[in-house]
Each structure stands twice: as structure tokens, then as C-alpha cells.
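A quick write-up on the structure given underneath.
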Amino acid sequence: ARIMNTGVTSFKVAGPDGGRSKVLVPLAGTLYLCDDIGKGSNFKQLLDPAAAPLGPGPLLDPQISHDGSLVCFVWKDEVYCMPSDGSAPPRALTAGARGPGG
């Protein structure tokens, strides 16, 4: 998915069949999540990478798990995951992807 500063260019939908669905939208480098698709649903900011704990840099290829419980993305060449409810900060799943001197 291409991420541009011109508006929404991609989104992901997840959730159990027949249950509450979640929508993940990357916009201007920040991740937004709608917890329940329906009337009156609002998007909330899930993660702004410029804020702690990550720091500046683009989030790439954000994905939401099939059941909607996890959000994963690439940041500075490493894969990070976090709970979709924002209850914990992103955690690196990979290390050293940049290689020596990266």
C-alpha cells in the first residue's frame, strides 16, 4: 500500500465473522483504528510514530490480524506489533534487519 499525505489511500478490515469489525487506516504516517463499524463509530489515533516510544520515521505496510487483536507494521526496517486496543506499546519482533552499519 502506498502511503501519501493526500488523504486515505489504503485501509484494512478485520474481525470475527458476525462480530464487531475493526478498520485500520494509515493517514499521514499515523495509525487510526475504528473499533466497531456502524453508525456513530469514530476513528481514534492508535499510534503516532513521531511520539514515544518509536520516534520519527514512516510506518510501512501496516496490517491488522484477522481477528483484529493485533496491529503490525514495519518501522526502520524492523517488524513491530502491538495490541489493537493500544494497551501496550509496539514491540519489535525482528532485530538486526538493517545488518552491520545499518
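Miscellaneous remarks
- Leu60 meets the stated requirement of being open to solvent by 70 Å² or more (accessible area, probe 1.4 Å) and either outside any loop (DSSP other than H, G, I, E, B) or of a type in the set (D, E, K, R) (or both).
- In segment 16-35, residue farthest from Pro90 (Cα to Cα) [restricted to those that are assigned to a loop (DSSP other than H, G, I, E, B) and at pLDDT 75 or above]: Ser21
- Within segment 46-57, considering residues that are within 12 Å of Leu31 (Cβ to Cβ) and touching a strand residue (DSSP E or B) at 6+ places or on another chain (Cβ under 7 Å), the one surrounded by the fewest Cβ atoms within 10 Å (Cβ to Cβ): Asp48
The values are calculated or read from the model by the stated rules, or taken from the named source; none is laboratory data. Predicted model, so just to flag it, every value in this text is computed and none were measured. Glycine also receives a Cβ, built like all others from the backbone with ideal geometry; neighbour counts cover every protein chain displayed. Accessible surface is based on the protein model in full, side chains and every heavy atom, while ligands, DNA and RNA are left aside. Shrake-Rupley method; radii C 1.70, N 1.55, O 1.52, S 1.80 Å.
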